[in-house]
Amino acid sequence: MEIKDYLAYRQEEVEKLYASVGWTNYTEHPDMLSFAYRHSLCILGAYESDVLVGLIRAVGDGASILFIQDIIVHPDYQRKGIGTALLKEMMQRYANVNQMQLLTDNTEKNIAFYTSLGFVPAEAYHCIGFIKFGK
């Protein structure tokens, strides 16, 4: 498995990866997804024999804030350390950023994964997250 910068957006492979984990909001809005990729701060891909099997996408200014928008690993490749490797690479590249944030499903599996990598729930800092969806 190789992790490298995802520099050339290829809609079919990205949509296939998102669909594999059921993220249909992205696959149902391909123009939005393409726009989001073009305007992201950093995207890393995990490749197995030149096949995209995982990715991580970050947005933000790269100094005061880095938001992990997406982290996806194809189900056939999950539980093999790919998500960990992707997140560690992103964290290393932006080690000097003041604050890293992400929003994820509230499951024991997700909590265990992110806390094992040093993330803590916002409430640990007496904070609360808010979200508002558009269209």
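FYI, it's all coordinate maths here, none of it is from the lab. Not measured: the values here are computed from a predicted model. Virtual Cβ from ideal backbone geometry, glycine too; neighbours counted across all protein chains shown.
Quick look at the numbers
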item: Between helix 82-93 and the chain: long-axis angle, C-alpha atoms, 0 to 90°, nearest 10; result: 60
item: Cα-based reach from LYS80 at 18 Å (exclusive), listing lysines while leaving out same-chain residues under 8 positions away; result: LYS4, LYS88, LYS109
item: Prolate/oblate/rounded label for the range 24-103 (Cα gyration tensor, a/c 1.5); result: oblate
item: Separation of the LEU117 and ARG93 label points, Cα + 7 Å toward Cβ, nm; result: 1.3
item: Computed helical MRE - 222 nm, the chain, DSSP H runs ≥ 4 contributing -39500 (n - 2.57), nearest 500; result: -9000 deg cm²/dmol
item: Two-site label geometry, LEU103 and ASP76: point separation in nm, points 7 Å out along Cα→Cβ; result: 3.2
item: Cα-based shape type of the range 1-71, given that a ≥ b ≥ c are square roots of the gyration tensor eigenvalues and the cut on a/c is 1.5; result: oblate
item: Dipole in debye (nearest 20) - the range 26-135, about Cα centre, beta carbon charges: Lys, Arg +1; Asp, Glu -1; result: 160
item: Rel. contact order, % - alpha carbon contacts under 8 angstrom, at least six apart, the chain; result: 19
item: Gap separating the Cα centres of the range 1-36 and the range 98-132, nearest whole Å; result: 23
item: Rounded if a/c under 1.5, otherwise prolate or oblate - the chain, Cα gyration tensor axes; result: rounded
